[in-house]
Amino acid sequence: MSFIKLITLFLAVLGSPLFVVIAALALLSFYGVGIDLSVVIIEMSRLSDTPMLLSLPLFIFAGTMLSESGTPQRILHLSRLLLGWLPGGLAVVALLVCAVFTAFTGASGVTIFALGGLLLPAMLKDGYPEKFSLGLITTAGSLGLLFPPSLPLILYGVVSETRIDHLFLAGILPGILMLLLLVAYSMKMSPPLRREQQKKLKASEVWAGLKESAWELPLPFIVLGGIYGGIFVAGEAAAVTALYVLIVEVFIYRDISLRKLPDIMMKSMMLFGGILVVLAASMASTNFLVDQEVPTRLFELIRQYISSKYTFLLVLNIFLLIVGSMLDIFSALVLVVPLILPVAEAYGVNLTHLGIIFLTNLQIGYCTPPVGLNLFLASYRFEKPVVELYRATLPFLAILMVTLVIITYFPPLSLWLLSFLG
């Protein structure tokens, strides 16, 4: 086994793709215990039997089209019209728009790059301190991961075999709580409104903004209303969403030309392909761990030192924050969920609740020093030293940590809405 570890470590050090490292680990592990290597291919092929997997490429395609279109500008413009008069209005707008955009694109890097260039100059112009503005945008870049149709929520459902409609519903209240706490802090820290910001809303301006965004506003209602109205399941919702976005952005707004469409399709399918091969390789590796009773032995080891479910959740949060600051969210889901799942079940943790805890941790990990992904993306986008962003995000991280504690130790926040499903 030590030889296997050395080979895998060597591949990782060489910078091999993650799926190569995981697949090599699975092959060498099965070979080491004398099991025919064809079992790896069999396990990988099991992925094709996962019906919920269909929704991933369709939501990725829809999200990519939205990020390549004029949607960010239209949503931002409408939000400023409706909320710009509030104390801290632009900060509230930034939080809401980033949350909505990340929910559909599923990648905080896209949000920071698509919206950061619009939001930062606007916030500085409105008198917000640069440090506050940088911290807010960096943190808000991953804020929508708990809201449907978040790709990480879908991927967690695929990996854990948890109902995706349950996960969509479970993320709503924790996501709203997180938004409300950040909104309250942003309003408290906002500069005084200037005279031109205090002007009354003009009905004609609001109507023009609504007309401009009229085709994109129904998107959340199509996804949620369709699923919970019993009209279609998650996979069908993804297909309807992708078709709707295609028609709106290509034929109605015409932000995306037919010539550009193949490039967007290729870009989105490359992202899905990367997730798919990692997921397939991970299934083989997970099967080996289960076959060797690794989760059971891990639970017995942990049980020797931790008997309380609540202490286990504390240790789990610390572990996931470290994982979230070092791995991208898709890799973390594929690698860590299969290992943690049986241990958490043994402690009596609801798997839907676990999914919300998991994604909250990974969302916070994006902004956690020293290697949180959002910190480096924002550093590159805004041309600021990463240490400056460390300091800028600390107040927002503190608020997110408080939210994490509430989500972890108050399960009804995640599970209450599920009671209405019957």
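The values are calculated or read from the model by the stated rules, or taken from the named source; none is laboratory data. Remember, predicted model here, so these are calculated numbers, not experimental data. Because the Cβ atoms are built from the backbone with ideal geometry, glycine has one as well, and the counts that use them run over all protein chains shown.
Within the stretch 239-260, which residues are in contact (Cβ under 8 Å) with a residue 12 or more places away in the chain and outside any helix (DSSP H, G or I)? Residues satisfying the conditions are TYR253, ASP255, ILE256, LYS260. Taking the stretch 301-405 as the region of interest, the helices (runs of 4 or more DSSP H) fully inside it that hold 1 or more residues being basic (Lys, Arg) are 309-326, 373-382. Within the stretch 170-190, residues that are free of Cβ contacts under 8 Å to residues at least 24 places away in the same chain have Cβ atoms under 7 Å from residues that are crowded, with 18+ Cβ neighbours inside 10 Å and not aromatic (Phe, Trp, Tyr) in no pair, counting only partners at least 6 apart in sequence or on another chain. Scanning the stretch 120-134 for residues that are buried (at least 23 other Cβ atoms within 10 Å of the Cβ) and farther than 17 Å from LEU96 by Cβ gives a single hit, LEU134.
Of VAL223, VAL183, all but one fail to be of a type in the set (Val, Ile, Thr), assigned to a helix (DSSP H, G or I), closer than 19 Å to THR102 by Cα and at pLDDT 90 or above; the exception is VAL183.
Checked against the criterion of being modelled with pLDDT of 90 or more, outside any loop (DSSP other than H, G, I, E, B) and charged (D, E, K, R), the candidates LYS131, LYS188 yield just one match: LYS131. Number of residues in the stretch 135-189 that are under 22 Å from LEU95 (Cα atoms), crowded, with 21+ Cβ neighbours inside 10 Å and among the aromatic types (Phe, Trp, Tyr): the value is 2. Of all residues in the stretch 229-251, exactly one satisfies the criterion of being acidic (Asp, Glu) and at pLDDT 90 or above, namely GLU249. Note on the stretch 367-392: among residues that are in contact (Cβ under 8 Å) with a residue 12 or more places away in the chain and among the small types (Gly, Ala, Ser), the one that is nearest to ILE318 (Cα to Cα) is GLY372. Look at (1) within 21 Å of LEU177 (Cα to Cα); (2) in contact (Cβ under 8 Å) with a residue 60 or more places away in the chain and you find that ILE364 fails only one, number (2).
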